[in-house]
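K.L.:
Take a look at the following structure, please.
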Amino acid sequence: LIGSNAKPIDRPRAVVLYGFGRIGRLMARSLIEKSDGGDTLRLRAIVVRKGSAENDLVKRASLLRRDSVHGPFNGTIRVDEERQSFVANGNEIRVIYADAPDQIDYTEYGITDAIIIDNTGMWRDTEGLSKHLQSKGAAKVILTAPGKGDMKNIVHGINSDEITDEDTIISAASCTPNAIAPPLKAMNDE
């Protein structure tokens, strides 16, 4: 994309993070940083189980603000208790409480054709992850862990050309192949 005027995608696309642990929070930071143009992937919601603390939203916002390795969040985060959301650098991110992926109607939050990024690791096969696609408003699912069975495990730049428009569920593989495959490919190619 360096030096290119081409848009990374043909239209804005809603993203929902299913899970808000460390991986989810780092993904949220990355998406928020890149949403300033409005014509890319836009983080619209996170889905979590209801915490037992009365100030659950405040605690989750605090975890997003500070990371022990990556430091403070670059921008502002405000909690809107009435709308059950965060406002991060001017972008509203709804917080949806649910115990299962198929219990959610994303269209109630104005979210359609969404890419769901499951970073819980609870479901790692096509059958389990397909529960996300039963939710109104969900269109595709990406798993942030190695997939099992015949699911495509994609490492960007290595086999990302294998993704087709028909793919509705893929895995982003794991940290090990994402870390080692690109330099190994470069070494092998040269």
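The values are calculated or read from the model by the stated rules, or taken from the named source; none is laboratory data. Treat the numbers as computed from the prediction; the structure is a model and nothing was measured. In this analysis, Cβ positions are derived from the backbone assuming ideal geometry, glycine residues included, and neighbour counts consider all displayed protein chains. All accessible areas refer to the heavy atoms of the entire protein, side chains included, with ligands and DNA or RNA removed. Shrake-Rupley method; radii C 1.70, N 1.55, O 1.52, S 1.80 Å.
K.L.:
Considering A173, A181, A138, which residue is aliphatic (A, V, I, L, M) and on the phi > 0 side of the Ramachandran plot?
P.N.:
On inspection, the qualifying residue turns out to be A173.
Yes/no matrix, rows are residues, columns are (1) at pLDDT 95 or above; (2) over 14 Å from the mean Cα position of the chain (by Cα):
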{"residue": "Y106", "(1), (2)": "yes, yes"}
{"residue": "T112", "(1), (2)": "yes, yes"}
{"residue": "G137", "(1), (2)": "yes, yes"}
{"residue": "L143", "(1), (2)": "yes, no"}
{"residue": "P146", "(1), (2)": "no, yes"}
{"residue": "A172", "(1), (2)": "no, no"}
{"residue": "D189", "(1), (2)": "no, yes"}
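K.L.:
One residue is enough: does the stretch 59-71 have a residue meeting the conditions over 21 Å from A100 (Cβ atoms), without any contact (Cβ under 8 Å) to a residue 24 or more places away in the chain and touching a Lys or Arg at 6+ places or on another chain (Cβ under 7 Å)?
P.N.:
No, the conditions are met nowhere in the stretch 59-71.
K.L.:
Name the one entry in E81, E162 that is charged (D, E, K, R) and farther than 30 Å from A61 by Cβ.
P.N.:
E162
K.L.:
Here is a follow-up. Only one residue in D165, D161 is among the acidic types (D, E), assigned to a helix (DSSP H, G or I) and open to solvent by 30 Å² or more (accessible area, probe 1.4 Å), so which one is that?
P.N.:
D161
K.L.:
Please specify each residue of the stretch 121-156 satisfying the condition of being hydroxyl-bearing (S, T, Y) and crowded, with 17+ Cβ neighbours inside 10 Å.
P.N.:
If the condition is that a residue be hydroxyl-bearing (S, T, Y) and crowded, with 17+ Cβ neighbours inside 10 Å, then T126, S135, T144 are the ones that fit.
K.L.:
Here is a follow-up. Regarding the stretch 109-120, can at least one residue be identified that is open to solvent by 20 Å² or more (accessible area, probe 1.4 Å) and in a strand (DSSP E or B)?
P.N.:
Yes, the stretch 109-120 has at least one match.
K.L.:
Now for a separate question. So which pairs qualify, if the first residue must be in the stretch 123-150 and over 19 Å from L41 (Cα atoms), the second must be acidic (D, E) and assigned to a helix (DSSP H, G or I), the Cβ gap must be under 7 Å, and the two must be at least 6 apart or on different chains?
P.N.:
K131/D102; Q134/D102; S135/D102
K.L.:
Can you pull out every residue in the stretch 121-147 that is in a strand (DSSP E or B) and under 20 Å from S30 (Cβ atoms)?
P.N.:
Listed by number, the residues that qualify are K140, V141, I142, L143.
K.L.:
Looking only at the stretch 136-163, count how many residues are among the hydroxyl-bearing types (S, T, Y) and under 24 Å from I111 (Cβ atoms).
P.N.:
Adding up the residues that qualify gives 1.
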